[in-house]
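Trainee: Mind looking over this structure? Questions follow.
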Amino acid sequence: MEENPHYSSESYIPFVANSEQVPEAASTHFKQRNDFGHQRNNKNILKTCCNASITDAPWRRVSKYSFGIIGLHEEVNDFYETMRPKEQETELRLKVIEHITRVVHSLWPQAQVEIFGSFRTGLYLPSSDIDMVIFGEWKSLPLSTLSQALENNGILNSDINIIANATVPIIRLVHSPTGIRVDISFNMPNGVESAKLVKKMMKQHPALPKLVLILKQFLVHRGLNEVYNGGMSSYCLTLLIVSFLQGYHKPNFEPSANFGAALLEFFEHYGINFNYDKVSIHFQSTGLYKPRRSGGNLLSVEDPLVSGHDVAKGTYLMNLLKMSFQNAFYTLSKAVTESLATKTPVSSFLHLIVKVDQEALTSREMMLNNHSKLMKKLSKLIDKLDENHSVESASTSTPRSTPKSFHKKKKFG
């Protein structure tokens, strides 16, 4: 094998899993979700698509979608438009960031606060958290100090969780006034650089934002979106999508303008055809892939920013993800094919594979309806905090009133 081979027959071979190849725990996991393989009853799959309600698919339009792959493309667009961030959500999250940033600067006026992750790229779901990182100099990470300051400034103790023993120690909290989840880390520059890279990739691949939001919700629905539980990080998922859109798995491949086709091909690629045993994903300028080393998890994806760092290292449930992708391909392709063959418009294809938690939608609706009240409440908290620390603010050389992160709101998407 060449040192740096292109995708070849060795890296693009059919693979069909069966129950004997899946560990017992994995088998149980899938059976609970009716997501094991593709051996489900598809007799009435088209009827299900025709009768999908707004509860089944909150993103669906009033009129039916076109039959076949065109209809799936239309629905992907509607899903994106429904789930993508609204202006009021962005404003409220910026206010939450400002609130926490003011608390940080009340303790350490020279500290630098940055945002990374899905909020910075704009690729966040209503249920997504905000990722913040604080840069400064401490003898030991001030997890308890910051937690106490947050508690003293409007965030309930019960909503604050210090995770000190993780690979990256963080403060994980629910911002009590708004219900928005926030993760705070210290002195970790990689997250900021990763967000910048993703924004660059979004310009290169117009389909990326739409595939990211659908596939993120796909993982959320299955409980496979958290690395500490063996799932896949948003960054790793984004790199998988970018690798797919680059098209090196197919000769003369061009990213499809039909987002429905792109989604199906993604599921087919990573659910059936990708040879996880032979190939690891890399992002050299030439678009080459490398033969993977033995051992480790099923998936290997090298961080484009850190040579030798495998961003899929913690995704030890990749077997489950792979079979979810496989099942989604068979289910969606059957529905699309039957719709095309009978020229039958449908209410929803996507509800067969993606569910949105009603509680998350209700919480989002309440947040949007109470946007003005929440903004005023946060402004009062910030004003009170500034009053309490006006003396300290006047004595610092770095003004705290307008943190660096807020000069350009569009920076976060």
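Trainee: I'd like to know if region 214-229 contains one or more residues that are touching a residue at least 24 places away in the same chain (Cβ under 8 Å), open to solvent by 60 Å² or more (accessible area, probe 1.4 Å) and among the aromatic types (Phe, Trp, Tyr).
Mentor: Scanning region 214-229, I find at least one residue that is touching a residue at least 24 places away in the same chain (Cβ under 8 Å), open to solvent by 60 Å² or more (accessible area, probe 1.4 Å) and among the aromatic types (Phe, Trp, Tyr), so the answer is yes.
Trainee: Here is a follow-up. Look at residue 90 and say whether it is within 25 Å of residue 201 (Cα to Cα), touching a residue at least 24 places away in the same chain (Cβ under 8 Å) and open to solvent by 20 Å² or more (accessible area, probe 1.4 Å).
Mentor: Yes.
Trainee: For region 150-189: of the residues being touching a Ser or Thr at 6+ places or on another chain (Cβ under 7 Å) and within 20 Å of residue 384 (Cβ to Cβ), which is surrounded by the most Cβ atoms within 10 Å (Cβ to Cβ)?
Mentor: Selected residue: 155.
Trainee: So which residues in region 338-351 are surrounded by 21 or more Cβ atoms within 10 Å (Cβ to Cβ) and in a helix (DSSP H, G or I), if there are any at all?
Mentor: Passing the criteria: 339, 350, 351.
Trainee: Based on what the data block shows, is residue 313 surrounded by 15 or more Cβ atoms within 10 Å (Cβ to Cβ) and part of a loop (DSSP other than H, G, I, E, B)?
Mentor: The answer is yes for residue 313.
Trainee: Can you tell me which residues in region 277-306 are at pLDDT below 85, open to solvent by 20 Å² or more (accessible area, probe 1.4 Å) and hydroxyl-bearing (Ser, Thr, Tyr)?
Mentor: Across region 277-306, the qualifying residues are 285, 286, 294.
Trainee: For region 51-69, what are the residues that are surrounded by fewer than 17 Cβ atoms within 10 Å (Cβ to Cβ) and of a type in the set (A, V, I, L, M, F, W, C)?
Mentor: 54, 62
Trainee: Residue check: is residue 335 over 30 Å from residue 94 (Cβ atoms), open to solvent by 40 Å² or more (accessible area, probe 1.4 Å), small (Gly, Ala, Ser) and more than 25 Å from the chain's Cα centre (by Cα)?
Mentor: Taking the combined requirement at face value, the residue does not satisfy it.
The values are calculated or read from the model by the stated rules, or taken from the named source; none is laboratory data. This one's a predicted model, so the numbers in the text were calculated from it and none came from an experiment. All Cβ positions, glycine included, derive from the backbone under ideal geometry; neighbour counts span all protein chains shown. Accessible surface areas use protein heavy atoms only, side chains included; no ligands, DNA or RNA. Shrake-Rupley method; radii C 1.70, N 1.55, O 1.52, S 1.80 Å.
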